[in-house]
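The values are calculated or read from the model by the stated rules, or taken from the named source; none is laboratory data. Note that the structure is a prediction, hence the values are computed from the model and not measured. Note: ideal-geometry Cβ built from the backbone for every residue, glycine included; neighbour counts use all protein chains shown.
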Amino acid sequence: MSPLWCARAQLGSFELTVATDGTYLLDGGAMFGVVPKTMWQRRAQPDEQNRILLGLNTVIVRTGSQTVVIETGIGNKQSAKLREIHQNQELLPKSLAAAGIRPEEVDIVLNSHLHFDHCGWNTTLHPDGSVTPTFPNARYFAHRGEVEHGHLQLDRDRVSYLSSNYDPLIESGQMTLLTTEGIRETPEIVPGVSVELFPGHTRQLMAIHIESEGQHACYISDLIPTSAHLDPTWVMGYDLDPLETITQRKRFYQLAIPESWLVFFTHDHQVPMARIGVNEKGKPVVVSTV
Ligand SMILES: [Zn+2]
């Protein structure tokens, strides 16, 4: 069982909290694509089944007038078989409670994309088999292209999309589907919180920008899942378009490094947030974790 930690940071007048759905295990080879194991295992120690430990980080933004939740972990709707494979702990409700965040107070829920490990607690499965919204008063946002892709149930990635994480919310009208297309189109969800496409992992992966009083933070999601994935070429095997991931990572660094953005890593169980710089070889590295 992972510790029930949460981290907090101030960004201008916004309060940012990192809560966790716990940890889970994924194949190390899949997480690092074509990078040789001899290289990645120095940064992520695999177990005897070649799995590495990953985090499931949710960021809560309190703007002063609104409470925004970014990502909702794996949730409690997985089959027993998948829970056995992932060894996940379904901690997000406890982690939110520990951080003093009530589900009823949440106004907005944002999903960067709709893979099972990013929107699981959008809804909660109850012992009687019913599924209800975890955040009853929230408006949920996801990209329409993600929903359409999930519904295709393609051989390549059907296991990544669990429709009970979003279909009930779409049917009830509680989830708004965004249609933003080009990059640099950044619709504002609430003042100071906006989204922008950074494709590669999926075609419509959205980063979430958080801006207050001249300071900037960004939840870059699976474009850069952990601090071990900062090298533009260390791309996940899961990515649908690895060449686009490399291009988009470089675009991200050109924005984030000069302005010293606070960057959130969705799956890093040790470094949930950091500021990025470049080392003497010109490679992006963590320069601070506050
Ligand atoms: Zn993903």
> How many of the residues making up segment 232-290 are at negative phi, assigned to a loop (DSSP other than H, G, I, E, B) and touching a residue at least 12 places away in the same chain (Cβ under 8 Å)?
Replying inline: 24
> What number of residues in segment 91-108 are farther than 10 Å from Thr20 by Cβ, in a helix (DSSP H, G or I) and within 17 Å of the chain's Cα centre (by Cα)?
Replying inline: 1
> Considering segment 208-253 alone, what residues qualify as being under 23 Å from Glu15 (Cα atoms), small (Gly, Ala, Ser) and within 13 Å of the ligand (Cβ to nearest atom)?
Replying inline: Ser221
> From the residues in segment 104-118 that are buried (at least 20 other Cβ atoms within 10 Å of the Cβ) and more than 10 Å from the ligand (Cβ to nearest atom), which one is farthest from Gly200 (Cα to Cα)?
Replying inline: Val106
>> For segment 147-205: of the residues being touching an Asp or Glu at 6+ places or on another chain (Cβ under 9 Å) and part of a helix (DSSP H, G or I), which is nearest to the ligand (Cβ to nearest atom)?
In response: Ser160
>> Checking Arg83 against (1) in a loop (DSSP other than H, G, I, E, B); (2) within 20 Å of Ser164 (Cα to Cα); (3) out of contact with any Ser or Thr (no Cβ under 8 Å at 6 or more places or on another chain), only one condition comes out false. Which one?
In response: (1)
> Hey, among Ala228, Ala217, which residue is touching a residue at least 60 places away in the same chain (Cβ under 8 Å) and in a helix (DSSP H, G or I)?
Replying inline: Ala228
>> For segment 13-42, which positions are buried (at least 17 other Cβ atoms within 10 Å of the Cβ), in contact (Cβ under 8 Å) with a residue 60 or more places away in the chain and over 19 Å from Val106 (Cβ atoms)?
In response: Gly22, Thr23, Tyr24, Leu25, Leu26, Gly29, Met31, Phe32, Gly33, Val35, Trp40
> Which numbered condition trips up Thr186, out of (1) surrounded by fewer than 21 Cβ atoms within 10 Å (Cβ to Cβ); (2) within 19 Å of Ile108 (Cβ to Cβ); (3) at pLDDT 95 or above?
Replying inline: (3)
